[in-house]
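One structure is given below, encoded as structure tokens.
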Amino acid sequence: MVVEAARVTSSTVVVAVDVGKTEFAFSVSDGARVSLLKPRTGCPMTGPSLAQVVADIARVLPGGAGVKVGIEAAGHYHRPLLRAPWPVDWEVLELNPGHVTEQRRVLGKRTIKTDVIDLQAMTELMLAGRGQPVRDRSLVLGGLAAWSAHRTGRVSLRTATKNQLLGQLDRCFPGLTLALPDVLGTKVGRLVAQHFADPHRLAAFGPARLVRFAAARGLQVRRPVAERLVAAARDALPMPGAAVARQVLAADWALLTDLDAQIDTADTQLGQLLPQTPFTPLLTVPGWGTVRASSYAAAVGDPLAKRNLTRYGVNSRSIALIASNMAMCAIEKKRGVRGLCGVGTVSWIIRFHSSTTAASAPPARTLLPGAAITASATVATIRAFLNMSCHLTHEGVVRCRKC
């Protein structure tokens, strides 16, 4: 169900709030656009200041008035006011800044941006019934988006760090990749990179000591692998600047270890947040894990919000139906379906179900509890998901190897 804002009536009082980095401005008007309190600017973004503002507004409210508080989204600066201790019977709405800009154009003041004009535009929007109610689910999806973006940035940084680390390792231990092609992709390779960047030290250890050294750190190294590594160390040619390369390698290794820990923490947080969202059914699809489902959830936002229903034509029921059909087709492996990439597999599902005529359409089948669907319903819901997936792909949020 879509949570709608309360209807605007003649007794409605709207409070427009324009947020800055450290201060905010507000105005109070009734349903007839009569100002009940002169617009006030320069209010500090503090608890005592907000309490004084609430008290001043409460003094001018007529009896039985329903209050709507509209706060224009401003990056992260407006978030403290969204969860501020407003009176419980006041409705808090979040306003799209693009809508505010367009409303200024309607008022003939698009190029004139002042706090008072913004407050006037926000008042008109709220009286027209615009604004999204603030709900706890928005906080969960906001946290999911934050951790997803954090993980994406750390993964990119880790990739660059690995490339630099491998370059430094080639300078201090030439020939290591001949014995171990994927150094950082194996535990023994990481052991060598961390403790035996100097090939002379590894050569002096010998195979037997290397096996014992690894075992003391919880790693089992087979004797042939140890012999191959020691042989590569003995055959390594001296490299100019190897001492400096080892110092840089040690610094890169410390950074890589920290990045691995941060990515693991992000994965843990995503795993805790994703089950609290309507995107949980996507985890039932083979090939879809927490990270991929979280990327979609972070990019799409709340599917029950009215703006997303209009934008993508998809809701929580559609997500469940899509996940069910994708899982069905992957498990049955019809027409050689392989790994799921989102857009590519959904395209195939649409072609498969679209080829089914109404006369030969299979009976409704239940793929999830309470989710009975037909072929036509399948096509409609998956087309909506394909539209959403392609939109995200074109925005660069989710990349697909088939697009």
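Summary of computed values
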| quantity | calculated |
| --- | --- |
| Most to least packed among 11-19, 44-52, 290-298 [average Cβ atoms within 10 Å] | 11-19, 290-298, 44-52 |
| FRET efficiency for THR46 and GLN247, using Cβ-Cβ distance with R0 set to 56 Å, rounded to 0.05 | 0.70 |
| Qualifying trypsin sites (Lys or Arg not before Pro) in the range 1-61, DSSP loop, other Cβ atoms within 10 Å at most 10 | ARG7, LYS21 |
| Sorted peptide list for 119-132, 242-255, criterion being average Cβ within 10 angstrom, highest first | 119-132, 242-255 |
| Prolate/oblate/rounded label for the range 142-271 (Cα gyration tensor, a/c 1.5) | prolate |
| Amide H partners (placed H, <5 Å) of MET45, local residues excluded | GLU23, PHE24 |
| ³J(HN,Hα) computed for each position of the range 148-163 - Karplus, 6.51 cos²θ - 1.76 cosθ + 1.60, integer Hz, glycine/proline x | 5, 5, 4, 5, 4, x, 5, 5, 4, 5, 5, 4, 5, 5, 4, 4 |
| Charge context of ARG223, other residues only, Cβ under 14 angstrom, K/R +1, D/E -1 | +3 |
| For GLY66, residues with placed amide H under 5 Å, excluding near neighbours | THR12, VAL13 |
| Global geometry of the range 1-112, whether rounded, prolate or oblate, following the gyration tensor of its Cα atoms and the 1.5 cut on a/c | rounded |
| Stretchable slack from LEU283 to LYS113, in nm (0.36 nm times residue separation minus alpha-carbon distance) | 56.7 nm |
| Difference of contour (0.36 nm per residue) and Cα-Cα distance, LEU178 to THR257 | 26.0 nm |
| Gyration tensor (alpha-carbon) shape descriptor, the range 40-175, a/c threshold 1.5 | prolate |
| Within the range 72-117, trypsin sites (Lys or Arg not before Pro) in DSSP loop having at most 13 other beta-carbon neighbours inside 10 Å | ARG83, LYS113 |
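FYI, it's all coordinate maths here, none of it is from the lab. Owing to the predicted nature of the structure, the values given are computational and were not obtained by experimental measurement. Reconstructed Cβ throughout: ideal geometry from the backbone, glycine too, with neighbour counts over all protein chains shown.
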